[in-house]
Each structure stands twice: as structure tokens, then as C-alpha cells.
Amino acid sequence: MQCPSCNHEAPAASFGDPLRCPDCGAFYEKALQLSLRNKLREEAPAAPAMPAALSDVQSVVDKVPAYIKASLSTGEVVHAVFRLHWMSWVTLWLWILGALLTGGLLAPVAIYVWLSLRSLEQGVTNKRVIVKRGIISRKTEEMKLRSIETVELEQGVLGRIFGFGSVKVTGRGNSDVVIRNVDDPIAVKQQIESVSHPVD
């Protein structure tokens, strides 16, 4: 009999315990079970990698701003969060420069502009398009995806050159939501239009 643990070949008429290897002392049955368990672990397929779509969703979830995250309803999932283009921050740098040149007189305006940009939240879920503005006070513009009639792109000459613009989402009646100064507005338009199976 061959020991599954140490591969020792014991003669048929060996002395001692017939269920135990005379060389390493392992019990044949337990060693055999352990050997089978290890073999199954080695042959088991590796855990599949997270699909790219799921990893994208996870990265989006990690970057979801506070208001959008807090306002999610049951079954609502964030599909994209739209970030401002770097040109939006040029105004802030001009106010900071003005504050330095005026000895700090314009510092409150620079702080206000910075807080306004930081508190802006824009995104789309499987239910609605959301835009939230306001530092302490809060103003939101939201539109259900099922109510959208058109998604229009607004991009000037500078926007075409530097790759920023605004996306206007128009719904039934006179309602609309404008996502301003976003990076890559064409991608933003596509993300809003490509949300499949919107929920109510």
C-alpha cells in the first residue's frame, strides 16, 4: 500500500497498524482525504476577474458625491458622475490672483467661487439626471429619464478647442436641466442617452 502523504510503499505484510504509514506515521485515510482536498483546490478554476463593466460601476460608486449618494432611492444605481472641465477652475485662479494683487480684498470672492465649484454635483442614475448647486443652501434640478425628450449639446469655439461644453436635457413641457462646463460633453450626452432600462 502506498502512503498518500509521503508515497512510501509499505509491504502487504508489514508490522504495526495496517491503517497507518510505517514511515511517516500518517493515517492512510486522513492523508488520502487531505491529498484529494489539495488536488481539488489546485484543479478548481481561479475566481473570475471582475468584469470591466462592474469595475467601472464600482469606480463610479467610489466617486459619488454626497448629495447624489444620499438621495438615491431603492433600486437606483449611479451610472455616471460628470466632472467639470479644468477651464471652469480658471475663473477661480483669476479671483485668487486678484486677491493677491489687492492685498486680500478679493479673497472672500475667491473662497466663494471655490466653494461653489466644490459643491456642484452633476450625474445620471438609472432613474434621473441630477444637478445640485449651493454651498449651504441647496438647489437641485432633476429630471426622470423616462421624461426626457431630447439631449442637446451646447459648445462654443473655446469649448470645441479645449473639449468642454454644456449638455441641455429637455423634458416634456418647458422643463430642462443644464449640465454646464463638463469635460467631454459628447461622452456626457452618450452616457445619458445610453442608460438602458430606466426605472420609475
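Taken over region 179-200, the criterion of being open to solvent by 70 Å² or more (accessible area, probe 1.4 Å) and either aromatic (Phe, Trp, Tyr) or closer than 19 Å to ARG133 by Cα (or both) is satisfied by ARG180 alone. From the set of residues in region 67-79 that are assigned to a helix (DSSP H, G or I) and out of contact with any helix residue (DSSP H, G or I) (no Cβ under 9 Å at 6 or more places or on another chain), which is surrounded by the most Cβ atoms within 10 Å (Cβ to Cβ)? Of everything passing the filter in region 67-79, ILE68 is surrounded by the most Cβ atoms within 10 Å (Cβ to Cβ).
Do we have any residue at all in region 166-175 that's open to solvent by 40 Å² or more (accessible area, probe 1.4 Å), part of a strand (DSSP E or B) and among the polar types (S, T, N, Q)? No: region 166-175 contains no residue that is open to solvent by 40 Å² or more (accessible area, probe 1.4 Å), part of a strand (DSSP E or B) and among the polar types (S, T, N, Q). Every test in (1) of a type in the set (A, V, I, L, M, F, W, C); (2) assigned to a strand (DSSP E or B); (3) surrounded by 17 or more Cβ atoms within 10 Å (Cβ to Cβ) is passed by LEU153 save one, and that test is (3). Taking region 139-150 as the range and being open to solvent by 30 Å² or more (accessible area, probe 1.4 Å) and either in a strand (DSSP E or B) or in contact (Cβ under 8 Å) with a residue 60 or more places away in the chain (or both) as the test, the residues that pass are LYS139, THR140, GLU141, GLU142, LYS144, ILE148, GLU149, THR150.
In the set ILE135, ILE96, only one residue is open to solvent by less than 90 Å² (accessible area, probe 1.4 Å), farther than 18 Å from ILE186 by Cα and assigned to a loop (DSSP other than H, G, I, E, B); that residue is ILE135.
The values are calculated or read from the model by the stated rules, or taken from the named source; none is laboratory data. Everything quoted here is computed from the prediction, not taken from an experiment. Positions of Cβ are generated from backbone atoms using ideal geometry, with glycine treated the same way; all protein chains shown enter the neighbour counts. Just the protein is used for accessible areas: all its heavy atoms, side chains included, with ligands, DNA and RNA removed. Shrake-Rupley method; radii C 1.70, N 1.55, O 1.52, S 1.80 Å.
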